[in-house]
1. Of the residues Tyr155, Tyr178, only one is in contact with a Lys or Arg (Cβ under 9 Å, 6 or more places away or on another chain), crowded, with 19+ Cβ neighbours inside 10 Å and among the hydroxyl-bearing types (Ser, Thr, Tyr); which?
2. Can you tell which of Glu124, Glu105 is touching a residue at least 12 places away in the same chain (Cβ under 8 Å), part of a strand (DSSP E or B), of a type in the set (Asp, Glu) and over 23 Å from Thr38 (Cα atoms)?
3. Within segment 243-269, take every residue that is closer than 30 Å to Pro213 by Cβ and acidic (Asp, Glu) and give me the one that is least open to solvent (accessible area, probe 1.4 Å).
4. Report yes if some residue within segment 218-228 is closer than 30 Å to Asp87 by Cα and surrounded by 18 or more Cβ atoms within 10 Å (Cβ to Cβ); otherwise report no.
5. Is it the case that Arg149 is farther than 18 Å from Leu237 by Cβ and assigned to a strand (DSSP E or B)?
6. Can you name every residue in segment 196-225 that is of a type in the set (S, T, N, Q), in a strand (DSSP E or B) and touching a residue at least 60 places away in the same chain (Cβ under 8 Å)?
7. In segment 212-225, what count of residues is obtained for those that are at pLDDT below 95 and charged (D, E, K, R)?
8. From Arg149, Arg141, Arg129, Arg209, which residue is open to solvent by 50 Å² or more (accessible area, probe 1.4 Å) and at pLDDT below 95?
Amino acid sequence: MEQEHQKKTFAVTNADLVNFRKESNMLNQEGIYLVFRTKAEAVRELLPPPFEITDPCFAYLSVTHIKNPTFADPYYETILSVAAKYDGKPAAYPLSLLLGGQGAEMATVFGREFGAMPKKLGCEFNIRRNGDKISVAMARRGAQIIDLRMTLGNYNHPMADTCFGKPYVGKENKGQSYFIYWDRLAGIDPVHHEDQTALLRSHSTMIYRKWEPGSIDLKLGATEDDPWGCLPVVEMLGGAWCVNDLILEYQEWVQALKAEEVKPKILYAWYDKTGFGHLGRN
């Protein structure tokens with residue numbers, strides 16, 4: 001018997017159009033935020049223009065379960081960022097965002113298509129907490145990238161509190177992150193194409209629901225496509241077990257960039273090396 005025709009369509013109703021990306025908030029995030037000092041030469045290799053390195057150089061890492069996003073099903077996300085300077089002012093530059101879990105596809109699509117965020121899918125997350133002991137393991141494409149052990153109580157170094165902006169329960173922390181937009185338009189012939197690049201600045205507010213400091217032991221690894229281990233942990237400053245709401249407010253165009261200068265610094269964070277012909281098949 002022929003199945004009954006289901007009255008569904010890809011045509012969006014006018015009532016639904018007004019709701020598209022009406023809110024982009026990451027509510028009820030729970031996980032670990034940490035900061036460590038790394039080597040200037042390592043950061044210098046990764047930072048695209050127009051950013052400059054800081055002295056000393058700090059890297060930030062988060063591993064969270066986003067339980068109630070407004071744009072996707074729940075998902076897991078880890079972000080590796082470095083402290084930098086733009087136009088002489090402090091700037092946070094996220095190098096790589098890796099996602100997994102049920103809602104990871106929509107979270108990746110929205111972040112890349114509308115926010116120029118260097119997101120990738122296909123990560124496996126394991127976050128376990130037993131009292132004041134926490135462990136995190138994260139792998140992608142057959143290799144472990146994060147191996148973390150945390151004991152709640154005190155930071156490894158009191159400087160961590162300053163690096164995080166001295167969080168406390170109920171605090172609302174305004175933040176800015178920079179992303180580089182890149183796109184390639186089809187040209188008038190099959191050979192010549194036009195690359196578009198620009199610097200974008202994202203504004204957000206993090207509302208802290210819980211902040212439990214702790215000391216951390218961290219090992220960063222790498223896959224062929226995700227070289228997180230290229231940032232050495234010179235000194236771990238510490239981190240915290242955190243529950244928060246992240247309100248993504250708006251994004252603004254800052255300046256045009258030269259594609260030939262920024263592409264070598266950003267494309268591996270967007271695309272696996274299979275996209276460059278490195279197939280590695282048996």
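1. Values: Tyr155 fails: in contact with a Lys or Arg (Cβ under 9 Å, 6 or more places away or on another chain).
It is Tyr178.
2. Glu124
3. Start the filter on segment 243-269 by keeping residues that are closer than 30 Å to Pro213 by Cβ, which leaves 243-249, 269.
Filter once more, so that each one left must be acidic (Asp, Glu): 245, 249.
Numbers: Asp245: 25, Glu249: 83 Å².
The residue in question is Asp245.
4. Our first condition is that a residue be closer than 30 Å to Asp87 by Cα; within segment 218-228, this holds for 226-228.
After this cut, where a residue has to be surrounded by 18 or more Cβ atoms within 10 Å (Cβ to Cβ) as well, the list is 226, 228.
Yes, that holds for at least one residue.
5. Numbers: farther than 18 Å from Leu237 by Cβ: no; assigned to a strand (DSSP E or B): yes.
Criteria not met by Arg149.
6. Initial filter on segment 196-225 (of a type in the set (S, T, N, Q)): 196-197, 202, 204-205, 215, 223.
After this cut, where a residue has to be in a strand (DSSP E or B) as well, the list is 196-197, 202, 204-205, 215.
Hits for segment 196-225 are Gln196, Thr197, Ser202, Ser215.
7. So the count comes out to 2.
8. Working: Arg149 fails: at pLDDT below 95; Arg129 fails: at pLDDT below 95; Arg209 fails: at pLDDT below 95.
After applying the criteria, what remains is Arg141.
The values are calculated or read from the model by the stated rules, or taken from the named source; none is laboratory data. This one's a predicted model, so the numbers in the text were calculated from it and none came from an experiment. For neighbour counting, all protein chains shown are included, and Cβ atoms are generated from backbone atoms with ideal geometry for every residue, glycine included. Note: areas computed on protein heavy atoms with side chains; ligands, DNA, RNA excluded. Shrake-Rupley method; radii C 1.70, N 1.55, O 1.52, S 1.80 Å.
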